[in-house]
Every structure is written in C-alpha cells, then in structure tokens.
Amino acid sequence: TQLLEQSPQFLSIQEGENLTVYCNSSSVFSSLQWYRQEPGEGPVLLVTVVTGGEVKKLKRLTFQFGDARKDSSLHITAAQPGDTGLYLCAGEADRGSTLGRLYFGRGTQLTVWP
Amino acid sequence: DTAVSQTPKYLVTQMGNDKSIKCEQNLGHDTMYWYKQDSKKFLKIMFSYNNKELIINETVPNRFSPKSPDKAHLNLHINSLELGDSAVYFCASSQGTDYEQYFGPGTRLTVT
C-alpha cells in the first residue's frame, strides 16, 4: 500500500492570507494529482505533476512536486472564500503497471473566512 | 452537459437489502472506476474497468459486484447491505489508465 500523508488535516484562515498544504510519502510516485472537492460533489482535478522538481501555477495556486517524487505541496496566495473546500492529493505509483490505481491522501479541509 | 453522472444521488435502505448504483459517462472514455469515500473523507478505489474488462479489484467483499454493459456505463450492485457499507460512492472515468480521472457527483448510501 502506498500511503500519502496530508497536513494539516484542517486549516481555517482569513481572506487574504497565504497557506501551504503538504502531501508526503515514503514511496515514489510517477505522478501526483491535486483535487478539490466541495460538499455534495465529486473531486475535481486541479493539476497533475509528473517530473521531479516540477512547479505548476494555476492563478493563485502553486503546485510543486518534490525532486525525489515522494512529496508535493500546494501553496495558495491571498486565499479567498471561494477557495474553501477539501483538497486531496493522489499519487500514481508506476504508470503502466498500476492500471490507473490512485492512492489518495486523507485530505485537507480548508475554510477561508471573509 | 454532465460528464460523469450517477444515480441515485441519495440511497437510504435497511440492512440486508440489495441495491444498485448506476454510472454513465459521456466523455468517450474507455476506463471507469468505483471509489468509496468514508465518513472521514478517505477515498479508496474499489474497482476499475477498461473496455468493459475488470482490471482492478481491490479487497472488497464479494457482496459488491460491478458490471460494465458497455464502455460508457459502470454499475455497482451490493447484496446483503451492512451498516458499514454506509459511505459516499463515486464513479470516475479516464481515457486509458495513465490519464486524469473525472469524478461523478457521488451517491450517498445510508444503511439503517
């Protein structure tokens, strides 16, 4: 089993603050995905990172894949109430052999207050 | 247009009953999945089908039986429902197994 540990589990901040969510593992992943899930809905893919050290930006969100491909971070600049949701990281162990099996972290519940 | 849809959205039933959840995707994908999300939001894969063929079958009780009549549909039948089956079940699809997965809105199953 490939375990992904996410931290913090809960995060409650004021609008305009910055934050970082971490996703760590002792296993190597061939790719890592970040999802956001809102109440009553399914997870929605935000980004996929594939190369060690890769950094991707999506407006105020910055995603980084660790050099060793064992960890990832999500940084949000100037958080807004619309960023509120459950953020999930998911790793794919070895493309081509795991048949699309994703291992999910337990999520970070982010609440941004106006 | 809905990409991945599931029915029903909510399902409340008693222990011992048999129930089915249906999933359809209109993305033209060839791979579909069933996930279970527990009360602590932990999402875990149950099954995966590629071109109607079962390719992932995690350690799931054999009371759960998936069925894929065609590439666009994946159903989940559950026999003899137990309290521990209460969860949100998500269907997802992807084009091939190496590409991003798109999730449906979920089916909240409550077993009383």
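The values are calculated or read from the model by the stated rules, or taken from the named source; none is laboratory data. Note that this is a predicted model, so its numbers are computed, not measured. With ideal geometry, Cβ positions are generated from the backbone for all residues, glycine too; neighbour counts draw on all protein chains shown.
The single condition from (1) farther than 23 Å from residue B:47 by Cα; (2) assigned to a strand (DSSP E or B); (3) within 13 Å of chain B (Cβ to nearest Cβ) that residue A:34 fails is (1). Scanning segment A:44-60 for any residue that is within 14 Å of chain B (Cβ to nearest Cβ) and among the small types (Gly, Ala, Ser) turns up nothing. Among the candidates A:26, A:72, A:31, the residue that is over 25 Å from residue B:106 (Cα atoms), touching a Lys or Arg at 6+ places or on another chain (Cβ under 7 Å) and of a type in the set (S, T, N, Q) is uniquely A:26. Among the conditions (1) at the interface with another protein chain (Cβ under 10 Å from one of its Cβ atoms); (2) within 23 Å of residue A:41 (Cα to Cα); (3) out of contact with any Pro (no Cβ under 8 Å at 6 or more places or on another chain), the only one that residue B:8 does not satisfy is (1). Out of all the residues in segment B:70-93, which are more than 20 Å from residue B:42 (Cβ to Cβ), touching a Phe, Trp or Tyr at 6+ places or on another chain (Cβ under 7 Å) and among the hydroxyl-bearing types (Ser, Thr, Tyr)? Residue satisfying the conditions is B:93 alone. Taken over segment B:26-41, the criterion of being in contact (Cβ under 8 Å) with a residue 40 or more places away in the chain and surrounded by 13 or more Cβ atoms within 10 Å (Cβ to Cβ) is satisfied by B:27, B:29, B:30, B:31, B:32, B:33, B:34, B:35, B:36, B:37, B:38. Checking residue A:87 against (1) modelled with pLDDT of 95 or more; (2) in a strand (DSSP E or B); (3) surrounded by 19 or more Cβ atoms within 10 Å (Cβ to Cβ); (4) more than 11 Å from every other protein chain (Cβ to nearest Cβ): exactly one of these is not met. Which one? Looking at each condition in turn, residue A:87 falls short on (4). For segment B:33-67, the set of residues classified as more than 8 Å from chain A (Cβ to nearest Cβ) and farther than 18 Å from residue B:78 by Cβ consists of B:51, B:52, B:53, listed by residue number.
One line per residue, one yes/no per condition, for (1) at pLDDT 90 or above; (2) part of a strand (DSSP E or B); (3) farther than 18 Å from residue B:5 by Cβ; (4) not small (Gly, Ala, Ser):
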position: B:45; (1), (2), (3), (4): yes, yes, yes, yes
position: B:55; (1), (2), (3), (4): no, yes, yes, yes
position: B:62; (1), (2), (3), (4): yes, no, yes, yes
position: B:80; (1), (2), (3), (4): yes, no, yes, no
position: B:84; (1), (2), (3), (4): yes, no, yes, no
position: B:97; (1), (2), (3), (4): no, no, yes, yes
position: B:110; (1), (2), (3), (4): yes, yes, yes, yes
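Just one of the listed residues (A:9, A:33) is polar (S, T, N, Q), touching a residue at least 40 places away in the same chain (Cβ under 8 Å) and surrounded by 15 or more Cβ atoms within 10 Å (Cβ to Cβ), and it is A:33.
Under the condition of being small (Gly, Ala, Ser) and either surrounded by 16 or more Cβ atoms within 10 Å (Cβ to Cβ) or under 21 Å from residue B:5 (Cα atoms) (or both), the residues counted in segment A:36-67 number 3.
This table checks each residue for (1) without any contact (Cβ under 8 Å) to a residue 24 or more places away in the chain; (2) crowded, with 18+ Cβ neighbours inside 10 Å; (3) out of contact with any helix residue (DSSP H, G or I) (no Cβ under 6 Å at 6 or more places or on another chain).
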| position | (1), (2), (3) |
| --- | --- |
| B:16 | no, no, yes |
| B:24 | no, yes, yes |
| B:43 | no, yes, yes |
| B:48 | no, yes, yes |
| B:59 | yes, no, yes |
| B:81 | no, yes, yes |
| B:87 | no, yes, yes |
| B:96 | no, no, yes |
| B:104 | no, yes, yes |
